[in-house]
Amino acid sequence: MSLRNPSAAFFSVVLGGYVGVLALCATSRVLAAEYTAIGPVAIGACAGLIAAGWCHRRPALATTLARTRLYVLPVAVIVAGAAVVPVLPAAGVRGLEPWLREWFVEIVVFSFGGAAVYLVTVNRHVTALRDRESVLAEWHARPDRRYRRLLRAGGLVLGCSLLVVGFALVFVLEPSVNPLPAFGGALIGQAITAGRPRTYTLFESGLCVHRSGTINYQFVPRSQLRTVDLAADRLEIGRGLPWPLPIRCATTTMARPERVADALERVLESAPAAD
């Protein structure tokens, strides 16, 4: 089993485990029982096994989740909560801290489990694409200098802002839950490593991006690819929302950028492939 290239069985186990743990937490709340009690554990195990079996019988489930972007929901909730929860006391909203402490375990399970499902779903989708679609083009490149500067400046500014706001809230409002400094540190770390080379793999249904030193992929569906612009110093691939910035590759670090641009243009000229 591999996180970077998960099999269908591994994907089923991860998704089933996530459903099972969520069911365990929900059952323990409904029954007012401990998490280790027989009832919640049995119901959680049954729910997990049923979900894993159902998932394993549907080999295209990862593709379906990737196409509908349902796998992004837990991560979106995490990010939205991290941005809103620490600021609510400043807006006069009180009484949230006891609720967060009471539901701390469920929030952690939903958050970290959802992040794991997000990672495995995208990686499983990319692995399945390699099995059923031909690779139209593959190249290695670093982001061009202007793009690296933009990513680093944006990440550092936003990360430092979150750190300052997070620590200011600690001294002014003393919130019991304050994830802003952690998110700020993560953004600063992302900004520092923004110049790492990436591997791009083009399929008929979209573009896969893998940054060196990481185990996760990013997949941009064919329907989100907009334009291709090749210049002397960079190859730019325009993307639709929710990606606000184009992909920019430094041509000095690429092999045969003209062939890559031609392959991208052929994909853009063709009808969008069904995911």
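List of remarks:
- The single condition among (1) closer than 28 Å to Leu65 by Cβ; (2) among the hydrophobic types (A, V, I, L, M, F, W, C); (3) open to solvent by 40 Å² or more (accessible area, probe 1.4 Å) that Phe219 does not meet is (3).
- Residue list for region 46-74, restricted to those being crowded, with 17+ Cβ neighbours inside 10 Å and at pLDDT 90 or above: Ala47, Gly48, Ala51, Ala52, Cys55
- Number of residues in region 181-216 that are hydrophobic (A, V, I, L, M, F, W, C), in contact with a helix residue (DSSP H, G or I) (Cβ under 7 Å, 6 or more places away or on another chain) and either in a strand (DSSP E or B) or open to solvent by less than 60 Å² (accessible area, probe 1.4 Å) (or both) equals 7.
- Residue match in region 112-120 (condition: under 23 Å from Ala186 (Cα atoms), surrounded by fewer than 19 Cβ atoms within 10 Å (Cβ to Cβ) and at pLDDT below 80): no
- Scan of region 192-243 for residues that are touching a Ser or Thr at 6+ places or on another chain (Cβ under 8 Å) and among the aromatic types (Phe, Trp, Tyr), ordered by number: Phe203
- Some residue of region 25-45 being in contact with a Lys or Arg (Cβ under 8 Å, 6 or more places away or on another chain) and modelled with pLDDT of 90 or more: no
- Of the criteria (1) open to solvent by 30 Å² or more (accessible area, probe 1.4 Å); (2) at pLDDT below 90, which one Val19 fails: (2)
- Consider region 31-45 and keep the residues that are surrounded by 14 or more Cβ atoms within 10 Å (Cβ to Cβ) and not in a helix (DSSP H, G or I). The one that is nearest to the chain's Cα centre (by Cα) is Tyr35.
- Test: residue in region 80-91 that is at pLDDT 85 or above and buried (at least 18 other Cβ atoms within 10 Å of the Cβ): no
The values are calculated or read from the model by the stated rules, or taken from the named source; none is laboratory data. Nothing here was measured: the structure is a model prediction, and the numbers come from that model. Counting neighbours? That spans all protein chains shown, and the Cβs are built from the backbone with ideal geometry, glycine included. In case anyone asks, the SASA skips ligands and DNA or RNA and just uses the protein heavy atoms, side chains included. Shrake-Rupley method; radii C 1.70, N 1.55, O 1.52, S 1.80 Å.
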